[in-house]
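Bear in mind that the values in this text are calculations on the coordinates, not laboratory data. The shown structure was predicted, so the numbers you read here are calculated from the model rather than taken from an experiment. Every residue, glycine as well, gets a Cβ built from its backbone with ideal geometry; the counts of neighbours run over all protein chains shown.
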């Protein structure tokens, strides 16, 4: 989870400081530190910057692939067997899971 301090943290895309009045989003972290887009993951972004970014679809596919790898991992399967299936899995299967990068309508 990205640590975002409004009034201090800069948008990873435009470099301007994220302010309280701004709609802000972030990307999930990824493990591949060698990925050319790594610096944008686990970072704060203006929602508008993200929506207009030419790499948006690429990073969303990376996040989707990373999530699927996690769901298919032995670790995740072990955690489900010990603690049960997390609510977000049911929501995802029912099409109710709301991605954090999709801003809420005001």
Check your understanding: For the residue pair residue 57 and residue 5, what label-to-label distance in nm results when each label sits 7 Å from Cα along the Cα-to-beta-carbon direction?
Key -> 3.8
Exercise for review: Would you mind computing, in nm to one decimal, how far apart the modelled labels at residue 72 and residue 19 are, each placed 7 Å from Cα along Cα→Cβ?
Suggested key: 4.5
Check your understanding: log₁₀ I(q)/I(0) of the chain at q = 0.15, 0.19, 0.20, 0.22 Å⁻¹, via Debye over equal Cα point scatterers, no solvent, to two decimals?
Key -> -0.74, -1.05, -1.12, -1.23
Review point. How far is helix 56-71 tilted, in degrees, relative to the longest principal axis of the Cα atoms in the chain, given as a value from 0 to 90 rounded to the nearest 10?
Key: 30
Exercise for review: Report, to the nearest 10°, how far helix 74-83 tilts away from the longest principal axis of the Cα atoms in the chain, using its own Cα long axis and a range of 0 to 90°.
Suggested key: 70
Study note, to complete from the structure: Proxy exposure order for 54, 42 (fewest C-beta within 10 Å first) is 54, 42
